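Bear in mind these aren't lab numbers, they're just calculated from the coordinates by the rules spelled out. The structure presented is a predicted model; accordingly, all values stated were derived computationally and were not measured. Positions of Cβ are generated from backbone atoms using ideal geometry, with glycine treated the same way; all protein chains shown enter the neighbour counts.
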Amino acid sequence: MTGTQRSSEGLDARRRKLLFRSWHRGMREMDLILGTFADAEIGALTGDEIDQYEMLLEIPDTEFLPMITGERPVPSDIDCAVLQKILASRRTMIF
């Protein structure tokens, strides 16, 4: 079961895959954070931002979640425009 509110219709194969991966992380908290972000932004991300997002999705949930919630600082080597968009999106969420 996913919480997606967006159809993958009209997305290229790469974006469809990223949308699916965003909602199927393995840790429900990350599904909600990244899935909600992807629902809102996946269609508008530039090619460079898609590259950044793919890189971020490679980070294991147990390492990524504490960065997203502010419990752990974000390493400079992964700080990028898309991560800043994810963090801004996360700050607007109410759980």
Quiz item: In angstroms, what radius of gyration and Dmax does the chain have, counting Cα atoms only?
Solution: 12.4, 37
Quiz item: Using 0.36 nm per residue, how much length does the chain from GLU71 to MET55 gain when fully extended, once their Cα-Cα distance is taken away?
Solution: 3.7 nm
Quiz item: Any idea how far apart SER7 and GLU63 come out in nm if each label point goes 7 Å out from Cα toward Cβ?
Solution: 3.8 nm
Quiz item: At 222 nm, what helix-only mean residue ellipticity would the chain give, in deg cm²/dmol to the nearest 500, using -39500 (n - 2.57) for each DSSP H run of four or more?
Solution: -17500 deg cm²/dmol
